[in-house]
Amino acid sequence: MDSEQVLTREFYLRDPAIVAVELLGKTLIRSFGGGSLEGIIVETEAYYGLLDPASRAFRGKKNYNRLMWGEPGRVFVYNVHRYWMFNVVAHEPGEVGAVLIRALEPTKGMDIMMRNRPVEDPRGLTSGPGKLTIALGIYRGLHGEDVTDPEGQVFIGDDEREYEVGSSRRIGVTRDLERDLRFYVKGNPFVSR
């Protein structure tokens, strides 16, 4: 993918919910093992700052979450129940936020993804946030990477695909904001269940 097709930093300099919706249908590309692992983003969740009880930023700025206050377009990786969660920092100037990439539809490098995360049914390969990080070899070492750099280890490319978007409350949170902040491509078999 050439540099003109990679999403620019300005794309992420907006409200996390807007970015979360507009990331649907974009292509996540991970350089891995001398090859390229790719997938269409089919599910996301938006997270805000200190007023969002489900956010990693809710309890204030710490070493592990300080990127949420930083430059949009950076990878924010954290661990939940032994699984890495892949987020992209997204917020308006002076604000706090990130978008969790919850699921992908694999499009390239599926043989490598299946070695990383062997499954019988390919629909279960990347249909959840922990599943996709294992399949794509995403780990803490990518924390802080710039997804707007086409020469980086992970970046997100633009695409003109259009889908019908569904929404719901975020999954697996005990306290939530009173609005839908999970977005997904309706009818896509790789959306988490």
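The values are calculated or read from the model by the stated rules, or taken from the named source; none is laboratory data. All values reported here derive from a predicted model rather than from experimental measurement. Cβ sites come from the backbone with ideal geometry, for glycine too, and all protein chains shown count toward neighbours.
Listed values, structure above:
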read-out: Qualifying residue in segment 97-110 (condition: closer than 19 Å to Gln153 by Cα, surrounded by fewer than 16 Cβ atoms within 10 Å (Cβ to Cβ), modelled with pLDDT of 90 or more and touching a strand residue (DSSP E or B) at 6+ places or on another chain (Cβ under 6 Å)); value: yes
read-out: Among residues of segment 171-191, those that are modelled with pLDDT of 95 or more, surrounded by 16 or more Cβ atoms within 10 Å (Cβ to Cβ) and either small (Gly, Ala, Ser) or part of a loop (DSSP other than H, G, I, E, B) (or both), counted; value: 4
read-out: Flag for Arg30 being closer than 22 Å to Ser127 by Cβ, within 17 Å of the chain's Cα centre (by Cα) and not hydroxyl-bearing (Ser, Thr, Tyr); value: yes
read-out: Segment 32-50, subset in contact (Cβ under 8 Å) with a residue 12 or more places away in the chain and outside any strand (DSSP E or B), residue farthest from Ser167 (Cα to Cα); value: Gly33
read-out: Unmet requirement for Asn116, which otherwise passes all of (1) surrounded by 19 or more Cβ atoms within 10 Å (Cβ to Cβ); (2) farther than 16 Å from Val185 by Cβ; value: (1)
read-out: All positions within segment 37-71 that are surrounded by fewer than 24 Cβ atoms within 10 Å (Cβ to Cβ), hydroxyl-bearing (Ser, Thr, Tyr) and modelled with pLDDT of 95 or more; value: Tyr48
read-out: Search result, residues across segment 41-67 that are of a type in the set (A, V, I, L, M), within 19 Å of Gly157 (Cα to Cα) and in contact with a Lys or Arg (Cβ under 7 Å, 6 or more places away or on another chain); value: Ile41
read-out: Checking Asn87 against (1) more than 18 Å from Arg182 (Cβ to Cβ); (2) touching a residue at least 24 places away in the same chain (Cβ under 8 Å); (3) of a type in the set (S, T, N, Q), the condition it does not meet; value: (1)
